[in-house]
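Okay, structure first, notes after.
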Amino acid sequence: MGEAPKENLAVATVQVRCPACRREHTYAAPVYPCACGAPVAPPLDRAAAPQPITHRTWSEGWVRVHCEACGRQDDWPQPELGCGCGTVLGIPVQPVRAALPVRTESAPPPPPPAHI
């Protein structure tokens, strides 16, 4: 049996230097399937420096990611890299711009305010 063809998604990679030991690493963003089925990877922020993760909180463990295929925005695990020296680095992700509400021609306009 043949393997199903995989979508061709250009995965962003960044060079990451561990601030503790100064080792260089190449990091590739993880790819997850969106609810629509399209592969999605968080857009890495090449201008921001990775930060050591010394304390984990639930809310800081997620980043907002936008699916180009369907426009959906969801929370995905914060990209991180474990260095051989024991330091765990949070890889910065570009923030998602707020999506504007989409209005279609078939959607009725909102009702006028009621007068009392």
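Modelled spin-label separation between Arg46 and Gln78, with each label point placed 7 Å from Cα along the Cα-to-Cβ direction: 2.4 nm. Taking 0.36 nm per residue of sequence separation and removing the Cα-Cα distance, the Val88/Glu68 pair yields an extension gain of 4.3 nm. Take each peptide in 20-26, 65-71, count the other Cβ atoms within 10 Å of every residue, and average; sorted highest first, the result is 65-71, 20-26. Other residues lying with their Cβ under 12 Å from the Cβ of Gln94 contribute a combined charge of +2, Lys and Arg counting +1, Asp and Glu -1. Of the peptides 72-81, 55-64, 29-38, the order by per-residue mean of other Cβ atoms within 10 Å, starting with the highest, comes out as 72-81, 29-38, 55-64.
Every number here is computed from the coordinates shown, using simple stated rules; none is lab data. Quick caveat, the model's predicted, so the values are computed rather than measured. Here Cβ is always computed from backbone atoms with ideal geometry, including for glycine, and neighbour counts include all displayed protein chains.
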